[in-house]
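The values are calculated or read from the model by the stated rules, or taken from the named source; none is laboratory data. Source: prediction; values computed, not measured. Cβ placement follows ideal geometry from the backbone for every residue including glycine, while neighbour counts extend to all protein chains displayed. Areas reflect the complete protein model, heavy atoms only, side chains present, ligands, DNA and RNA absent. Shrake-Rupley method; radii C 1.70, N 1.55, O 1.52, S 1.80 Å.
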Amino acid sequence: GERRNSMRCPSSSSAPESLLVLQEEDWDCGLACALTVLRALQNSTSSMEGGHESNSSSSTERRALPSMRELQEQCETQSVWTIDLAHLLRNYGVDVRMRTVFPGVDPTHQHS
């Protein structure tokens, strides 16, 4: 038979529904993912602390989570790229590291 990859995407039922953010427009799926990440990080941090405030809380905890509309305004474009999402997440205290296989701008994206 056909061999399948052992890694699977979790079903939506495996994540608490309160963490999931649905996109509002046809272009903001990345922003919905970023907000889902922020909610999950805030949820996991408060779970590890037992729901108590900590003196060493991260900026993700101290800063109120944005709404989708606020993220859309912060991004200032409807052409959202991975680097835009990385900057948004960093603004909320997430340690984001980007890697690439192409130094500089890929010329195949010149007319994108």
* Structure fact -> Among residues of segment 82-112 being exposed (fewer than 11 other Cβ atoms within 10 Å of the Cβ) and of a type in the set (D, E, K, R), the residue farthest from Leu38 (Cα to Cα) is Arg99
* Return the only residue of Ser56, Ser79 being open to solvent by 50 Å² or more (accessible area, probe 1.4 Å), assigned to a loop (DSSP other than H, G, I, E, B) and either closer than 15 Å to Ala40 by Cβ or at pLDDT 85 or above (or both). => Ser79
* To do: Could you list all residues from segment 60-76 that are assigned to a helix (DSSP H, G or I), polar (S, T, N, Q) and exposed (fewer than 13 other Cβ atoms within 10 Å of the Cβ)?
  => none
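Can you find, within segment 95-111, the residue that is modelled with the lowest pLDDT among those that are among the polar types (S, T, N, Q) and in a loop (DSSP other than H, G, I, E, B)? Before you say what the answer is, go through the steps one by one.
Going residue by residue through segment 95-111, those that are among the polar types (S, T, N, Q) are 100, 108, 110.
Still in the running and in a loop (DSSP other than H, G, I, E, B): 100, 110.
On the way: Thr100: 82, Gln110: 73.
Selected residue: Gln110.
Condition check: modelled with pLDDT under 90, within 16 Å of the chain's Cα centre (by Cα), surrounded by 14 or more Cβ atoms within 10 Å (Cβ to Cβ) and not charged (D, E, K, R). Does Thr36 satisfy that? Walk me through how you get there before you give the answer.
Details: modelled with pLDDT under 90: no; within 16 Å of the chain's Cα centre (by Cα): yes; surrounded by 14 or more Cβ atoms within 10 Å (Cβ to Cβ): yes; not charged (D, E, K, R): yes.
Judged against the criteria, Thr36 is not a match.
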* Read through the list (1) outside any helix (DSSP H, G or I); (2) modelled with pLDDT of 90 or more; (3) not hydrophobic (A, V, I, L, M, F, W, C), then give the number of the only condition that Gly51 fails. => (2)
